[in-house]
Amino acid sequence: MRSLLRGVVGACVVASAATVLGQTSDLPNLTSRLVVVRFSMAGGRIEATADQPGFEREQTSTIEPGRHETLSVSTNNEEEASVKYDLATDTEQLSVNVSDGCDVSISRHPAKKPHAAQVDFQQPRTGPIVLTVEQDGVKREIRGDTVWYLLLSEPELCREHLLPLLAMLRSDWRLVETAQAIESQMLRIAGAYREANLRRWSRLVGNLASDQFMVREAADRQLRAEGTVVLPFLQSLDRHQLDFEQASRIDGIVDMQAESTEDTPEQEASQLMDNRSLWAVLLNRPQESTRRTAARQLAFLLGDGSIEFDPGAPELVRKAQAEALRKRIGANAAATPNGGAK
């Protein structure tokens, strides 16, 4: 194993000292050097695994004029990978730390570049993910339970500062496209949550408890035919109000849509449907149709028939109304011990 890692890391020569790391395209490609490590996005969080458990840490160093680089890799018996990478040049300091597969931190700090951004990304084993960007004395911070929340809530900030860092871990990630597909799927699901559909789905769930096998089978088949649109509704049902037959069939429907080991837009959209903070973000999208759907969904989640937001109002009016709603959501979350207001 030592020879394998030494060959993997040693064969990948880093860019020359003349490279300017401040440009996105010149960030080191760790994918090619970590062939034993597989990075994936599961539940909106980065995971690092390997097919070979329990191999010893291997470290390499590259020292050139104006450049110092170190890389070490190991895995535990559960095939969770740990990676430590540090790069120091005349213009920048870059650090990647992955511990036991899911505790991830990445930092990119400029040196001798007064107007460059200082970027820090933190994904702890549990708790919110935080992206901090500080530039010219201005600090911006976004936090959320998943990377998808960060990408959807601050797309431009993430495109400029977060995605180049994540691309070092896996160059074929299509995170922007997936985030856009998640938003589209959320809007599609929200559009289906009309009163008529809710009544029909409730009736079908009731039919799952019928004494007649054919009635149960027909209801099961119709619910499956709804696809991922119906999943948030099924997942929101009070399990204490379901009998064994209903619960078993609903579990089967939900599990059928969750076979992928990596995140899909359908799965993640279902998970984000009750996120009030994210729907408040969507109130500021350029498309009025999106704002209208977001306002309707937010009113549903807050338990109001309507909220004080006009999707067709001038931009300044909309932003003030959206900000008031965000403060309300934050106050509700602070008042809930488990943060249930989301």
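Table for the structure above
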quantity	calculated
Helix-only [θ]222 nm of the chain, DSSP H runs n ≥ 4, -39500 (n - 2.57) each, per residue, nearest 500	-12000 deg cm²/dmol
Mean Cα-pair separation over length for the range 90-173, i.e. relative contact order, pairs under 8 Å, 6 or more apart, %	18
C-alpha long axis of helix 213-225 to longest principal axis of the chain, angle in °	50
Too-long pairs where the Cα-Cα distance tops 28 Å, listed order kept, from LYS84/LYS112; LYS113/LYS327; LYS139/LYS327; LYS113/LYS319	LYS113/LYS327; LYS113/LYS319
Cβ charges +1 (Lys, Arg) and -1 (Asp, Glu), total dipole of the range 125-181, debye	200
Exposure ranking of ARG45, ARG143 by accessible area [1.4 Å probe, largest first]	ARG143, ARG45
The chain - accessible surface per residue (Å², probe 1.4 Å)	50
Acute angle (nearest 10 degrees) that the helix 288-302 long axis makes with the longest principal axis of the chain, alpha-carbon atoms	70
Computed accessible area, GLU134, all protein chains, 1.4 angstrom probe, square angstrom	70
The range 39-139, accessible surface, carbon-and-sulfur percent (1.4 angstrom probe)	47
Listed peptides 325-333, 157-165 by packing density, highest first (mean Cβ within 10 Å)	157-165, 325-333
Farthest toward positive dipole pole in the range 134-187 [+1 Lys/Arg, -1 Asp/Glu at C-beta], among LEU169, ALA179, VAL138	LEU169
The chain: relative contact order in percent, alpha carbon pairs under 8 Å with at least 6 residues between	10
Net charge dipole size for the chain [Lys, Arg +1 and Asp, Glu -1 on Cβ; Debye, nearest 20]	800
Principal-axis tilt of helix 175-192 within the chain, Cα atoms, nearest 10 degrees	10
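The values are calculated or read from the model by the stated rules, or taken from the named source; none is laboratory data. In this text, all values refer to a predicted model and were calculated from it rather than measured experimentally. Cβ sites come from the backbone with ideal geometry, for glycine too, and all protein chains shown count toward neighbours. Accessible surface is based on the protein model in full, side chains and every heavy atom, while ligands, DNA and RNA are left aside. Shrake-Rupley method; radii C 1.70, N 1.55, O 1.52, S 1.80 Å.
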